[in-house]
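Participant: The structure follows.
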Amino acid sequence: MRSRYVVGNWKLNASLPGNESLLKALLSGVESQPGCHLAVCVPAPYFAQVRSLLVGSPVAWGGQDVSRFDKGAYTGDVAGGMLAEFGCRYVIVGHSERRALAGESDAVVAEKHAAARRAGLVPILCVGETLEERQRGVTEQVLARQLDAVLDGQGPQSLDGAVVAYEPVWAIGTGRTATSEQAQAVHAFLRARVGERDAALGARLPIIYGGSVKAGNAAELFAMPDVDGGLIGGASLVADEFLAIWRAAGLAPGRN
Ligand code: PEP
């Protein structure tokens with residue numbers, strides 16, 4: 001039975017007082033759900049604050065990026081070991097905003113994935129096609145290229161214990177969600193691609209969906225057999241909305 005994951009991505013939206021009120025509201029309504037994992041990925045300067053508020057709660061925390069290097073002359077980078085020191089469990093790697101805005105190539109993303117594993121973090125590997133790529137009919141080629149960079153560069157076992165997030169770029173922050181059928185088709189493709197290297201790994205790999213997930217569409221998405229939860233941007237900044245998405249993950253039907 002695969003676990004489900006609901007992970008908030010705060011992006012560049014945080015402040016000391018804002019984080020405190022958001023997390024206190026979250027904690028006042030959250031309940032553990034068997035087989036489900038809940039986390040927020042926050043900007044690095046707030047790790048200490050978030051740890052102090054969330055330690056011992058059902059909500060884990062993580063980062064939004066990690067250096068591909070462990071230490072050295074890499075000004076501005078934050079190493080995986082630093083995230084781990086602040087109790088981070090997760091780190092997002094290869095988010096489309098970093099691929100587009102920071103020019104991260106598939107190879108760099110694969111190196112970051114490896115750095116996260118070295119630090120004992122759970123990488124959340126983001127893959128996704130642009131609208132132009134979908135319209136050109138090359139969605140599967142793009143996703144295969146992004147996934148294979150990790151499979152080839154680090155070996156399939158590097159995905160064991162990791163999470164993959166399918167995030168169509170055209171659905172992120174746009175209010176335009178992939179239909180549950182579109183998401184399911186891609187998730188099944190990604191699972192099969194990993195399964196070609198290692199069938200058991202493909203079957204147990206958690207693959208979550210991200211792109212304008214809200215309380216109103218989460219249940220339908222999470223009911224798909226290969227959708228194991230969500231990576232949530234905008235809606236993770238509103239406690240009631242994020243909690244409703246979390247509850248939808250708990251109510252979703254079981255899967256093998
Ligand atoms: C994201 O940033 O990973 C994301 C899915 O954002 P949103 O939910 O706002 O589309």
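Participant: Please count how many residues of segment 113-133 are assigned to a helix (DSSP H, G or I) and either among the hydroxyl-bearing types (Ser, Thr, Tyr) or within 16 Å of the ligand (Cβ to nearest atom) (or both).
Facilitator: 1
Participant: Continuing with the same structure: Considering only residues that are without any contact (Cβ under 8 Å) to a residue 40 or more places away in the chain, farther than 18 Å from Gly103 by Cα and outside any loop (DSSP other than H, G, I, E, B), which ones fall in segment 137-147?
Facilitator: Kept after step one, since they are without any contact (Cβ under 8 Å) to a residue 40 or more places away in the chain, are these residues of segment 137-147: 137-138, 141-142, 145.
In the following step, the residues that additionally are farther than 18 Å from Gly103 by Cα were identified as 137-138, 141.
Selection gives Gln141 alone.
Participant: Now for a different question. Hey, can you tell me all the residues within segment 120-132 that are surrounded by fewer than 19 Cβ atoms within 10 Å (Cβ to Cβ) and either farther than 23 Å from Val186 by Cβ or of a type in the set (D, E, K, R) (or both)?
Facilitator: Gly120, Glu132
Participant: Mind counting the residues in segment 2-18 that are within 16 Å of the ligand (Cβ to nearest atom) and either modelled with pLDDT under 95 or surrounded by fewer than 21 Cβ atoms within 10 Å (Cβ to Cβ) (or both)?
Facilitator: Here the count works out to 4.
Participant: Right, something else. Could you look through segment 201-225, keep only residues that are away from the ligand (no atom under 13 Å from the Cβ) and under 15 Å from the mean Cα position of the chain (by Cα), and pick out the one that is farthest from Gly175 (Cα to Cα)?
Facilitator: Leu205
Participant: Determine whether Arg89 is of a type in the set (D, E, K, R) and within 19 Å of Val6 (Cβ to Cβ).
Facilitator: yes
Participant: Condition first: of a type outside the set (S, T, N, Q) and more than 21 Å from Ile92 (Cα to Cα). Now tell me which residues in segment 1-25 satisfy that.
Facilitator: To start, the set of residues in segment 1-25 that are of a type outside the set (S, T, N, Q) comprises 1-2, 4-8, 10-12, 14, 16-18, 20, 22-25.
Passing the criteria: Met1, Leu16, Pro17, Gly18, Glu20, Lys24, Ala25.
Participant: Let me ask something else about it. Any idea which residue in segment 153-173 is surrounded by the fewest Cβ atoms within 10 Å (Cβ to Cβ), counting only those that are away from the ligand (no atom under 16 Å from the Cβ) and in a helix (DSSP H, G or I)?
Facilitator: Gln157
Participant: Next up: Pick from segment 174-200 the residues that are of a type in the set (S, T, N, Q) and either surrounded by fewer than 17 Cβ atoms within 10 Å (Cβ to Cβ) or part of a helix (DSSP H, G or I) (or both): which of them is nearest to the ligand (Cβ to nearest atom)?
Facilitator: The qualifying residue nearest to the ligand (Cβ to nearest atom) is Thr174.
Participant: Six or more apart or on different chains, Cβ under 8 Å: which pairs go from a residue in segment 85-108 that's at positive phi to one that's in a loop (DSSP other than H, G, I, E, B) and charged (D, E, K, R)? Could you list them?
Facilitator: Close Cβ pairs satisfying both conditions: Gly94/Glu104.
Participant: Here's a follow-up. Scan segment 201-223 for residues that are crowded, with 23+ Cβ neighbours inside 10 Å and assigned to a helix (DSSP H, G or I) and report the count.
Facilitator: Within segment 201-223, residues that are crowded, with 23+ Cβ neighbours inside 10 Å and assigned to a helix (DSSP H, G or I) number 3.
Participant: Take the conditions among the acidic types (Asp, Glu) and either crowded, with 24+ Cβ neighbours inside 10 Å or not in a helix (DSSP H, G or I) (or both) and apply them to Asp226. Does it pass?
Facilitator: yes
Participant: Just for segment 226-244: of the residues that are within 15 Å of the chain's Cα centre (by Cα) and near the ligand (Cβ under 10 Å from one of its atoms), which one is farthest from Leu22 (Cα to Cα)?
Facilitator: Out of the qualifying residues, it is Gly230.
The values are calculated or read from the model by the stated rules, or taken from the named source; none is laboratory data. Small disclaimer: the values here were computed from a predicted structure and weren't measured. Because the Cβ atoms are built from the backbone with ideal geometry, glycine has one as well, and the counts that use them run over all protein chains shown.
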